[in-house]
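Notes for the one structure printed next.
A short reminder: the numbers here are calculations on the coordinates, not readings from a lab. Quick caveat, the model's predicted, so the values are computed rather than measured. All Cβ positions, glycine included, derive from the backbone under ideal geometry; neighbour counts span all protein chains shown.
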2 protein chains.
Amino acid sequence: MTPIYDRVALIGLGLIASSMFWAMKRGGLAGEVVGTARSEDTRKIARDIGLCDRIVDTTAEAVEGADLVVLCVPVGVMGAVAEEIAPHLAPGATVTDVGSVKQAVIEAVAPHIPEGVHFIPSHPLAGTEHSGPRSGFAELFDNRWWLLVPQDGTDVDALNRLRTLLEAMGSNTEQMDFEHHDLVLAVTSHAPHLIAYTMVGVADDLRRVTDSEVIKYSAAGFRDFTRIAASDPVMWRDVFLSNKEATLEILGRFTEELFALQRAIRTGDGEHLHDYFTRTRAIRRGIIEAGQDTDAPNFGRVTKKE
Amino acid sequence: MTPIYDRVALIGLGLIASSMFWAMKRGGLAGEVVGTARSEDTRKIARDIGLCDRIVDTTAEAVEGADLVVLCVPVGVMGAVAEEIAPHLAPGATVTDVGSVKQAVIEAVAPHIPEGVHFIPSHPLAGTEHSGPRSGFAELFDNRWWLLVPQDGTDVDALNRLRTLLEAMGSNTEQMDFEHHDLVLAVTSHAPHLIAYTMVGVADDLRRVTDSEVIKYSAAGFRDFTRIAASDPVMWRDVFLSNKEATLEILGRFTEELFALQRAIRTGDGEHLHDYFTRTRAIRRGIIEAGQDTDAPNFGRVTKKE
């Protein structure tokens, strides 16, 4: 395949950036991929494992001559990175980001983007509980959705070119405005993550049930929560702080419903519980039919005894 | 292997009973396995797929001459089934159950057990989101914990024989008193299930985000919740109604913590969030080291596009 971009710069080398590199390499989608990370340690690991065609020490070097720059850093530092790279961006380049929140990123990044550079925010709905430069793999985006959040007046050619890359990496794409994006993600991602973190924290904190019991007996349901609650703490701190309103709105709805179910338990209202539990099965079927999860029992996971 | 029991009766033919049959068959652990279910449809499916050596129409027939009887019905009907089978139990037989709650089952079942029959409550911490006679498989119990909840004065030989069977089916076993069991399960299973059901219900109920969006974009975290929330509604209704106190206690702790985290989000207390999210990673590591979950990203699941 002819490369879609001549030079792609990846700023930050975690799960998403490293997966992007392997996916672009798989498809021959970029002439050269240049990567950088703030930590020397991360840059060293990247060099050791052959991540990116070239690893450089500064963001300025990374973006030099790049026709696509991808910001793959926690949401809370997007603005600072944008400010840092702004003077070094090539005219006509496209800048995108992969942050889980869009309004806050747009507010932080857009003011720094020079005239003649296209800023097109985006968000891949793909991930695992692992993080860091070693965690990436080429298949991460296959059949996952990558949301594009263009602003008014976005250059159509720049948008189409970015979309072509994302789809060539395996994604499905969709456009959405930032407000709706942040609400959709509060439901499908941010609230579930906070709830999982909370449940794991509660289990860890109980005196009457020991951690070793929680660990041994986790297969009864709890272990699924621990996977989500093993996600990168810095990334998630920033997500919640920068998608405050939508997350708190959904959590408000959640506690309302939870109280109604607790009340049904207390009063012995089996019908309410049964109806509620029956309704939620349909969503699961929809997700499997849409190819977004496996129907294999327990996700088909294999756990072996050492 | 010499059979551990000459005749095992399985009452109720869902996920656990069907997995028990395949696990006993795999190991040659029972001379004959007789099964029954209340619904004619279930009995027909069982006969069609070769589940059990013999399928009979009544519980009375099923337990006749059985040296082990396993109650695999929802917790809410355990008492009624015990009453029904009581006059037909063979002297010296062992009766166990696989209910997720122990105090309520003991209160419902024990009074019906005749003199000379051993009642030893138990609970396999194993399952999937699937249910019914077709959902069982021989490996379900491999390296999972099966808790034994013997009461005062339990016959040691009967207990050891039952334990031998459970371990030969692949389980690890542990003994626990019913009160502690019900609290441990409230943490590791009952509260997480209610929370997952709630989150899926909330997503299904929002007007501003459509179900089709929730389904498409579920890979961002939400889909894990839907697996748990696809579990059998009757079973779970009964679990919550019969483990009220412990479940409500844990849910109380959960909402307390959730409110503290919501407050940290509202006030922008990033340190609190970061510390909390860091702490929960340790539990995940413990579960993986204990062989109770896989370290493969996203549980190693494979989702394919049609």
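Applying a threshold of 28 Å to the alpha-carbon distances of A:102/A:216; A:44/B:216; A:44/A:102; A:102/B:216 flags A:102/A:216; A:44/B:216; A:44/A:102 as lying beyond it.
Our summary gives region B:5-176 a relative contact order of 25 percent, counting only alpha carbon pairs under 8 angstrom and 6 or more residues apart. For the segment A:167-179, counting C-beta atoms of other chains within 10 Å of every residue's C-beta and taking the mean gives 1. Taking a straight line from the alpha carbon of residue A:25, these aspartates and glutamates sit under 16 Å away, with near neighbours fewer than eight places off in the same chain left out: A:6, A:53, A:139, A:142, A:167. For the pair region A:111-131 and region A:132-178, the centres of their Cα atoms are 9 angstrom apart. Projected label points at residue A:61 and residue A:113, each 7 Å from Cα along the beta carbon direction, are separated by 2.7 nanometres.
Shielding by partners for peptide B:237-248, expressed as the average number of C-beta atoms from other protein chains within 10 Å of each residue's C-beta, is 4. Sequence-distant contacts, meaning Cα pairs under 8 Å at least 6 residues apart, place the relative contact order of chain B at 16 percent. Take B:60-71, A:44-55 and order them by the average number of nearby Cβ atoms within 10 Å per residue, most first; the result is B:60-71, A:44-55. The trypsin sites (Lys or Arg not before Pro) of region A:135-227 meeting both criteria, a DSSP state outside H, G, I, E and B (loop) and at most 12 other C-beta atoms within 10 angstrom of the site's C-beta, are A:207, A:208. Estimated translational diffusion coefficient (Stokes-Einstein, Kirkwood radius over Cα pairs, 4 °C, 1.567 mPa s) of region A:180-300: 78 µm² per second. Among chain B residues, the one whose Cβ is nearest the axis of the rotation from B to A, given with its distance rounded to whole Å, is B:299, 2.
Which value, in debye to the nearest 20, gives the size of the charge dipole of region A:1-104 about its Cα centre, when Lys and Arg are +1 and Asp and Glu are -1 at the Cβ? Spell out each step's value before the answer.
Details: 9 positive and 13 negative charges, 72 e Å.
So the magnitude is around 340 debye.
Shortest first, residue A:256 label-point distances to identical copies amount to 2.6 nm, with the label point at 7 Å from Cα along Cα→Cβ.
Taking 0.36 nm per residue of sequence separation and subtracting the Cα-Cα distance, how much length would be gained by fully extending the chain between residue A:275 and residue A:83, in nm to one decimal?
So the chain would gain 63.9 nm between residue A:275 and residue A:83.
Sorted from closest to farthest, the other copies place their residue B:159 label points 7.1 nm away, with each point set 7 Å from Cα along Cα→Cβ.
With Rh defined as the Kirkwood radius, the inverse of the mean 1/r over Cα pairs, the Rg/Rh of chain B is 1.01.
Which aspartates and glutamates have a Cα lying under 14 Å from the Cα of residue A:244, excluding residues fewer than 8 positions away in the same chain? Partners found: A:179, A:182, B:269. Taking label positions 7 Å along the Cα-Cβ direction at both residue B:160 and residue A:151, the computed distance is 7.7 nm, reported to one decimal.
Summarising the strand pairing of the protein assembly as shown, around 10 percent of its internal DSSP beta bridges are antiparallel. A P(r) calculated from all alpha carbon pairs of region A:15-148, with 10 Å bins opening at zero, reads 12, 45, 38, 5 percent. Label-to-label distance, residue B:263 versus residue A:177, with points set 7 angstrom from Cα along the beta-carbon direction: 3.6 nm.
The convex hull built on the alpha-carbon positions of region B:76-194 has an orientation-averaged projected area of 7.8 nm². When you count the other C-beta atoms within 10 angstrom of each residue and take the mean per peptide, A:168-176, B:133-141, B:181-189 line up highest first as B:181-189, B:133-141, A:168-176.
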